[in-house]
Amino acid sequence: MYARYQTLLHEVGKFGIVGICSTILTFLIQNALYGHVGPTTQVIIANAIATVFAYLGNRYWAFRHRKNARMGRETVLFIVFNVIGTLIQTAFVDFNHYVLHNHDRLSLNIATVVGIIFATLFRLFCYRKFVFSSPPETVEQVEELATAVVP
């Protein structure tokens, strides 16, 4: 059963590591901006910086075996899906701030976590389906992925 899902397991694992690092970066930036700009601006700035990090990590590590000759298309799709993911996350943060009137840092961080969960599920689906869509084609690529050690 492992052999059947090994590519998926490795991709999800690496995607998760890149995502955790991006999430930490998002929280660091968002909390550094707390009290200096509004919650929407915090989310947008933090996600813009984390998106660059995530693209590099996903393209050159998590999905590197999915070679794509159309790098421009891949980059545009990645940006589009990250903008939508940012809107998903912003919706949770803004709902918490403007509708529920929770203005403290803890509430901001809880809303951010919930938004990140939903945005991450959306991004994973879109990355696998549309952005990094070329699965490994050669036996060498499959073996490279299967033997890859996650540091």
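Name the pairs: first residue in the stretch 65-83 and at pLDDT 80 or above and open to solvent by 70 Å² or more (accessible area, probe 1.4 Å), second residue of a type in the set (A, V, I, L, M, F, W, C) and in a helix (DSSP H, G or I), Cβ to Cβ under 9 Å, at least 6 apart or on different chains?
73/131
Against the definition (touching a strand residue (DSSP E or B) at 6+ places or on another chain (Cβ under 9 Å), surrounded by 13 or more Cβ atoms within 10 Å (Cβ to Cβ) and either at pLDDT 95 or above or part of a helix (DSSP H, G or I) (or both)), how does residue 17 come out, yes or no?
Judged against the criteria, residue 17 is not a match.
Could you pull out the residue among 29, 45, 110, 88 that is in contact with a Leu (Cβ under 8 Å, 6 or more places away or on another chain), in a helix (DSSP H, G or I) and over 20 Å from residue 132 (Cα atoms)?
45 is the lone residue from the list that is in contact with a Leu (Cβ under 8 Å, 6 or more places away or on another chain), in a helix (DSSP H, G or I) and over 20 Å from residue 132 (Cα atoms).
I'm trying to understand the selection: among the residues of the stretch 113-136, which are assigned to a loop (DSSP other than H, G, I, E, B) and not aromatic (Phe, Trp, Tyr)?
If the condition is that a residue be assigned to a loop (DSSP other than H, G, I, E, B) and not aromatic (Phe, Trp, Tyr), then 133, 134, 135, 136 are the ones that fit.
For the stretch 84-95, give me each residue that is farther than 12 Å from residue 122 by Cα, of a type outside the set (Phe, Trp, Tyr) and crowded, with 20+ Cβ neighbours inside 10 Å.
Once the filter is applied, which keeps residues that are farther than 12 Å from residue 122 by Cα, of a type outside the set (Phe, Trp, Tyr) and crowded, with 20+ Cβ neighbours inside 10 Å, the stretch 84-95 yields 90, 93.
The values are calculated or read from the model by the stated rules, or taken from the named source; none is laboratory data. No experiment lies behind these values; they were computed from the predicted model shown. Cβ: placed from backbone, ideal geometry, glycine included. Neighbour counts: every protein chain shown. The accessibility values were calculated without ligands, DNA or RNA, using every heavy atom of the protein model including side chains. Shrake-Rupley method; radii C 1.70, N 1.55, O 1.52, S 1.80 Å.
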